[in-house]
Amino acid sequence: MTRIGNYPGGGGSVAVSVRGLVKHYGETKALDGVDLDVREGTVMGVLGPNGAGKTTLVRCLSTLIVPDAGTAVVAGYDAVRQPRQLRRVIGLTGQYASVDEKLSGWENLYMIGRLLDLSRKEARARADALLERFSLTEAAGKLASAYSGGMRRRLDLAASLIGRPHILYLDEPTTGLDPRTRNEVWEEVRNMVRDGVTVLLTTQYMEEAEQLASELTVVDRGRVIAGGAIEDLKARVGGRTVRIRPSNPLQVRPLAATLDYLNVARPGSIQVDAETDTVLVPIVSDEQLTTVISAATGQGVSIASITTALPSLDEVFLSITGQKASASEDAGPAPEEIAV
């Protein structure tokens with residue numbers, strides 16, 4: 001079977017195209033008509049509260065489970081009708097490292113290379129190269145059971161790259177990692193993208209999404225409820241906030257009361273941040289920004305700083321989904337077994 005449409009080398013720009021994807025677990029709709037496009041050579045962040053369907057989406061796109069309806073074309077291959085061809089051009093790193101603890105780090109990578117039909121020479125060379133890339137050369141001969149959590153995660157990422165995938169799925173890739181190891185994983189993801197890999201990233205960490213993703217898709221209860229560039233989503237949620245910090249902290253509350261009295265913003269929307277001694281004024285236009293600054297500087301109050309900022313990604317997530325981000329997801333039963 002041939003590829004559907006265009007993909008790298010054929011002039012196409014969409015690496016993943018999903019239309020109307022549906023997956024039921026009994027009466028539960030894990031996916032309820034998901035539409036999604038991931039541009040080639042980018043990172044698409046998929047966000048959603050616990051149980052939103054993120055992991056189920058990844059399982060469908062990686063051929064681990066079969067959707068009940070809809071289509072998913074990845075790297076030009078239909079995920080349902082062409083699973084064998086698709087598996088040769090994708091990589092997957094799940095929420096938990098899936099290395100064989102009874103094998104050494106090198107043996108894990110070599111085994112996967114052979115399973116992907118690499119010759120013995122190619123599999124050895126690929127294992128050596130990836131161990132060096134992920135700073136695991138010194139631990140190459142140690143059993144994976146002796147690896148730290150961060151080392152296992154790096155080995156898992158290396159394993160997902162053995163076959164030089166065009167598309168890489170990262171499902172909660174830094175769960176449980178310390179900040180230093182997390183930053184190392186982030187840098188490797190950036191390197192992959194620079195090498196031309198397209199990444200679909202599910203995460204509950206807002207900082208991770210901002211660090212890595214160029215676009216976001218927010219899912220909730222199996223449906224896509226928002227999507228677009230990060231800055232566009234922030235602007236959609238609530239515009240900007242003007243942060244005004246008087247030189248004298250004792251003038252913070254009087255200034256807030258005065259600005260509220262002058263109706264420079266929606267009644268009751270002006271707030272005081274006691275930790276930073278600043279007045280927070282939500283605005284929706286440049287004209288309103290000018291009004292707020294003029295009113296603040298015209299009160300005879302010495303101003304230390306005036307800054308503007310879009311909502312944080314945490315605030316965007318909370319506003320769109322109505323829930324705070326949680327640390328993990330349990331989306332449906334274990335993946336179905338498939339023949340390789």
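Bear in mind that the values in this text are calculations on the coordinates, not laboratory data. Just so it is clear, the model here is predicted, and its values are computed rather than measured. FYI the Cβ positions are ideal-geometry reconstructions off the backbone, even for glycines, and counts take in every protein chain you see.
At 0.36 nm per residue, and after removing the present C-alpha to C-alpha distance, how many nm does the segment from ASP286 to ARG133 gain when stretched out fully? Fully extending the segment from ASP286 to ARG133 adds 50.3 nm.
Considering only GLN204, ILE293, ILE65, the residue lying farthest towards the positive end of the dipole of the chain is ILE65, judged by Cα position with unit charges set on Cβ. For the pair the stretch 145-193 and the stretch 16-84, the centres of their Cα atoms are 22 angstrom apart.
Note on the chain: GNM, Cα springs under 10 Å; of LEU262, LEU310, LEU61, the largest mean-square fluctuation is that of LEU262.
Nothing charged except the Cβ atoms of Lys and Arg (+1) and of Asp and Glu (-1): what's the magnitude of the dipole of the stretch 265-324 about its Cα centre? Round to the nearest 20 debye. Spell out each step's value before the answer.
Numbers: 2 positive and 7 negative charges, 29 e Å.
Charge dipole of the stretch 265-324: 140 debye, to the nearest 20.
A crude spin-label estimate for the pair LEU116 and LEU143, with each label 7 Å from Cα along the Cβ direction, gives 2.7 nm.
Considering only DSSP beta bridges where both residues belong to the chain, give the percentage that are antiparallel (nearest 5). Walk me through the numbers before you get to the answer.
Working: 36 of 53 bridges.
Beta bridges within the chain, antiparallel portion: roughly 70 percent.
Residues of the stretch 227-264 falling in the label zone of THR308, defined by backbone nitrogen less than 16 Å from a point 7 Å along Cα to beta-carbon, are 231-232, 234-245, 264. Rounded to the nearest 500, the 222 nm mean residue ellipticity of the chain from helices alone is -10000 deg cm²/dmol, with -39,500 (n - 2.57) taken per DSSP H run of at least 4 residues.
Tell me, what is the FRET efficiency for LEU250 and ASN191 to the nearest 0.05, using R0 = 51 angstrom and their Cβ-Cβ distance as r? Numbers along the way, then the final one.
On the way: r = 51 Å, r/R0 = 1.00.
The calculated FRET efficiency here is 0.50.
Between ALA257 and LEU103, the FRET efficiency estimated from the beta carbon spacing at R0 = 51 angstrom works out to 0.15.
Extending 7 Å from the Cα toward the beta-carbon at both ALA229 and TYR25 defines two label points whose distance is 3.6 nm.
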